[in-house]
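Here's the structure, in structure tokens; my notes come after.
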Amino acid sequence: MTRYEQQRAFLKSNFHEFKHIKTDKIKGLPQPPVVKPFDPESRLIDLPKVSREVVGHADIYDCIDQRRSTRFYSAEALSLDELSYLLWATQGITGMSKNGLTLRTVPCSGATHTFETYLLIMRVEGVDQGIYRYLPAEHKLLFMFELDQLEQKVDAITLDQPFVPNFAKKASVMFAWSTTPYRSEWKYDISAHKKILIDAGHVCQNLYLASESIGAGACAVGIYDQKLIDEILELDGEEEFVIYMGAVGKKRE
């Protein structure tokens, strides 16, 4: 196979092969946790209850029509209410199914929810600069640590962006979504990885539309230094690693 053919094969459905595989779920192996544990002694930040009041552009047609990748941001900070809304829109839990699966604001293959949301916060009102993780079950922020020269680190992580170089460090927040593949592999085996990528698209599109609805702009970032961002977030790079990033900031007039 050529390198293109190998990658194209990955994009196709492998259902006929998958249906003959005995998955770890079928084998009776325990399901991995669907959320990452945390130290209860950690510093937690309560997020405001999500409210419609934060939404300035409620017409979904307009949000879809006006959505663009935004790479120019004003110096205005996001409010904590706005950040709370963006986190809810991208990974918020809205209910539970009868068999105990979490129902969220984004679709996910088999409710496996392989993602964790990390935040590199530069300008959010009332929140110190630093690295945070979103806790969807509690709807709280977990403070991880401060990071010296945060904006310069964001610049290094996002490499040479082809359209507007160095734009990411001027955002208010960088979203970094990690994946723990085994959450999906346990159920879908060799079919898990395509599903994970599809689900990542669902999450980021919600970030775009939610950002548009509050007068902010988002830009997905698929070009980044994998090793550096995993090291910064203290991920092992194998069982958990960053799969997608997105910059968000108030639009510049």
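Values in this text are rule-based calculations from the coordinates and carry no lab data. Values in this document were obtained by computation on a predicted structure and should not be read as measured data. Reconstructed Cβ throughout: ideal geometry from the backbone, glycine too, with neighbour counts over all protein chains shown.
FRET efficiency for the pair Glu138 and Ala58, taken as 1/(1 + (r/R0)^6) with r the Cβ-Cβ distance and R0 = 41 Å, rounds to 0.90.
Close amide H contacts of Leu147 (hydrogens built in the peptide plane, cut-off under 5 Å, sequence separation of 5 or more or a different chain): Ile131.
Among the GluC sites (Glu not before Pro) in the range 204-234, those located in a DSSP loop and surrounded by at most 12 other Cβ atoms within 10 Å of their own Cβ are Glu234.
Other residues whose C-beta falls under 10 angstrom from the C-beta of Ala216 contribute a net charge of -1, scoring Lys and Arg +1 and Asp and Glu -1.
Could you state the number of Å between the C-alpha centres of the range 225-252 and the range 108-171? The two parts, judged by their Cα centres, are 7 Å apart. GNM remark for the chain: springs join alpha carbons under 10 Å apart, and the peak mean-square fluctuation among Lys170, Lys12, Lys195 falls on Lys12.
Note down the net charge around Arg252, summing +1 for each Lys or Arg and -1 for each Asp or Glu among other residues with Cβ under 14 Å from its Cβ. That works out to +4.
Taking amide hydrogens as placed 1.01 Å from N in the peptide plane, the amide H of Val221 sits under 5 Å from those of Met245, Gly246, Ala247, each at least 5 positions away in sequence or on another chain. Among the GluC sites (Glu not before Pro) in the range 1-108, those located in a DSSP loop and surrounded by at most 13 other Cβ atoms within 10 Å of their own Cβ are Glu41. Among the listed values [x] 19.2, 62; [y] 17.7, 52; [z] 18.5, 57, the one matching Rg and Dmax of the Cα atoms in Å as calculated from this structure is [z].
Under 5 Å between amide hydrogens, built in the peptide plane, is the criterion, and for Leu233 it picks out nothing among residues at least 5 positions away or on other chains. Taking a sphere under 14 Å around the Cβ of Glu116 and counting the other residues whose Cβ falls inside, with K and R at +1 and D and E at -1, yields a net charge of -2.
To the nearest 10 degrees, how steep is helix 192-213 against the longest Cα principal axis of the chain, on a 0 to 90 scale? That works out to roughly 20 degrees.
Among the trypsin sites (Lys or Arg not before Pro) in the range 61-144, those located in a DSSP loop and surrounded by at most 12 other Cβ atoms within 10 Å of their own Cβ are Arg68, Lys98. On the beta carbon distance between Gln31 and Asp65, with R0 = 41 Å, the FRET formula returns roughly 0.50.
Taking a 25 Å limit on the Cα-Cα distance, which of the listed pairs Lys227/Lys251; Lys22/Lys195; Lys169/Lys251; Lys98/Lys187; Lys25/Lys227; Lys195/Lys227 fall beyond it? Distance filter (> 25 Å) returns Lys227/Lys251; Lys25/Lys227.
The modelled label-to-label distance for the pair Lys22/His202, using points 7 Å beyond Cα in the direction of Cβ, is 3.0 nm.
With a 10 Å cut-off between alpha carbons and a GNM built on the chain, which of Ala200, Ala137, Ala192 moves the most? Among Ala200, Ala137, Ala192, the largest mean-square fluctuation in the Gaussian network model of the chain belongs to Ala137. Considering the chain as a Gaussian network with a 10 Å cut-off on Cα pairs, which listed residue, Asp81, Asp39, Asp155, attains the greatest mean-square fluctuation? Result for the chain, Cα springs under 10 Å: Asp39 fluctuates most.
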